[in-house]
Each structure stands twice: as structure tokens, then as C-alpha cells.
1. If you go through the range 151-163 one residue at a time, do you hit one that is buried (at least 17 other Cβ atoms within 10 Å of the Cβ) and out of contact with any His (no Cβ under 9 Å at 6 or more places or on another chain)?
2. Quick test for you: out of Glu128, Glu132, pick the one residue that is part of a helix (DSSP H, G or I), surrounded by fewer than 15 Cβ atoms within 10 Å (Cβ to Cβ) and under 19 Å from the mean Cα position of the chain (by Cα).
3. Could you check the range 15-65 and list, in sequence order, the residues that are of a type in the set (D, E, K, R) and open to solvent by less than 40 Å² (accessible area, probe 1.4 Å)?
4. Working only within the range 114-145, note down all residues that are among the basic types (Lys, Arg) and modelled with pLDDT of 95 or more.
5. Among the strands (runs of 3 or more DSSP E) lying completely within the range 5-108, list those that include at least 3 residues that are modelled with pLDDT of 90 or more and of a type in the set (Phe, Trp, Tyr).
Amino acid sequence: MFGFRKSEEPLAGPRVSSKYCTDKFSGKYPHVGLYDCRDRKVWVCKPLGGQAIRTSHARLITGADNATSTVWKDRFICFWFYTPDTGEGFIHGYPIDWEEAHLLVRIDPNWDYDRQKYIQPELTDHVEANLERQFKHGERIFEFFKAGKHPYPISLHYIGQRATDSLFYVKRAEKT
């Protein structure tokens, strides 16, 4: 009557689809993935018949479709993981050694994934603090892949909208 709900009811909002995602990775295929900033959890797209790297990040979120769910993914940091010899070309004009594995983590200096709000570009101290939080999230994603003990080296890159917003070869894990 007063709009109160029982505590057992799940909260509305974006969730990662268990149909398309898993929290485990074998190291055998390139894929897209999501990092849930609230739960601090890495989600990996399942192989999907060899199309895991081409799947839209928005598709990985429940109730989402590619056309209408951009806003739903604002709490998730998107990433791409390329196993050796599965990528090609340059990223924002920067040369990449595709014979190794690469983790590309999307960063956005003006979107605060933790607080779910836009940061004005002129608030440079807030923008810098926001980027530092995103770098820490990116390192958590990198640790997830390092823990897999894969037989190839992995390099971490932070990818912004433009090359000037990006950082290449930030960290590297040797093969185990």
C-alpha cells in the first residue's frame, strides 16, 4: 500500500546474463567481458560458437538487446581479451604484438562507474581520481587473467575514446 517491498525481492537493475557469461576462463578463446564495479567481479563471455569476441557487451546484460541497453551497462567496465594470434592491426594507431595475449580495458575519464554519475571535464581533480579508481579496477581484471596461469604472456592496455586517452602496455604477465 505504501510502496514498501519485501526484502526478499531482488533489486531491479542490470545483471550479467548467466546464459552468455561465466566467471571462469579456460584461456582458449578471445572474448569480450564485463567487470561489475559494485560486486567487483569479472564476467567472461562464453565461447558462443567462436563468436565471443564479436559479441556486444550490452548483450551480456540481462533483459538487454544491442539497441536499447547502452545505459544498462554503465555500471560495468567493458574489456576485450585476445588470445595469441587472434587480433590484427593497430589500436588507435598504436602497434600491438598480436603473437601475445592482450587485455584491453575500456576507461572513461568522465564517467564514474562506482558512483554512476558524469564528471564535468573541468573538475580535473575529480577526473584524475576517477581514472585512478578505473585503473585499480583494470588491475583486478588483469589479476583475474594472471591467476589462470596461461601458457602465454599477457599485456594490459587501458583504452579510451581516443589514442590520447589510452595507455598501452601498462603491465605484463609472463607465461607460466
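The values are calculated or read from the model by the stated rules, or taken from the named source; none is laboratory data. What you see is a predicted model, and the numbers here were worked out from it, not measured in a lab. With ideal geometry, Cβ positions are generated from the backbone for all residues, glycine too; neighbour counts draw on all protein chains shown. In case anyone asks, the SASA skips ligands and DNA or RNA and just uses the protein heavy atoms, side chains included. Shrake-Rupley method; radii C 1.70, N 1.55, O 1.52, S 1.80 Å.
1. Yes - at least one qualifying residue is present in the range 151-163.
2. After ruling out the rest, the residue left standing is Glu132.
3. Asp36 - this is the single residue of the range 15-65 that is of a type in the set (D, E, K, R) and open to solvent by less than 40 Å² (accessible area, probe 1.4 Å).
4. Arg133, Lys136, Arg140
5. 76-82
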